[in-house]
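Encoded as structure tokens, the structure appears first; notes follow it.
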Amino acid sequence: MKKSDYLTLKETAEYFRVQPLTVRRWALAGKIPAHKVGRQWRFSLKEIEKWAASEGKKAATRKVLIVDDDEKIRNVFRRILKKEGYDVREAREGREALNQIEEEVPDLVLLDLKMPGMNGVETLGEIREGFAGLKVIIVTGFGESELMEGALRYSPFTVINKPCSGEELLGAVKPLLNED
């Protein structure tokens, strides 16, 4: 095989849209086909593609992280998004969300602004600092507030107002994930 037939740990992480640490953990646990060359992990592109195909939609499913302190909102959004086939994760507050993002970067974050502890503005600032390209939808009942003014420093992002219908939610989510 040619050198280009093998992926580095970082390239494999980019392929699966996860953090390199996640790929390393998969390799150490034997969950993903990997070869250790010296002290470096290497991944055969053909084996990775075969493995991803055998995992079905799991590897290709778009990941959405819902960050809201309101359990009812999270439940409604989760049901709507899961019905559409999204892999949905949830966090009750900003710090929990950031920990999840560091573990496995989602394709999209639905972020409430008003939360106890680390609010949505602070969370968005941290997201932009460490994951600048991560797509974010602000979901708020406080569109005309100081929180929204603070969030504008970290644009671009999409905004939808609470309460919103399932149609409005999907109308914001699908275009950002190139599924319109």
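The values are calculated or read from the model by the stated rules, or taken from the named source; none is laboratory data. All of these numbers come straight from a predicted model, not from anything done at the bench. Ideal geometry is used to build each Cβ from the backbone, glycine not excepted, and the neighbour counts take in all protein chains shown.
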Checklist entry - Here are some conditions: (1) in contact (Cβ under 8 Å) with a residue 24 or more places away in the chain; (2) assigned by TED's automatic domain parsing to the domain that holds V23. D69 meets all but one. Which one does it not meet? => result (2)
Checklist entry - Hey, Y15 hits all of (1) touching a helix residue (DSSP H, G or I) at 6+ places or on another chain (Cβ under 7 Å); (2) modelled with pLDDT of 85 or more but one; which does it fall short on? => result (2)
Next on the checklist: Need pairs with beta-carbon distance below 6 Å; first residue over 20 Å from N75 (Cβ atoms) and within the stretch 97-125, second part of a helix (DSSP H, G or I) and at pLDDT below 90; sequence gap 6+ or separate chains.
Outcome noted: E104/T22; V121/L147; V121/G150; V121/A151; L124/A151; L124/Y154; G125/Y154
Next on the checklist: Is it the case, given these coordinates, that T140 is at pLDDT 90 or above and of a type in the set (S, T, Y)?
Outcome noted: no
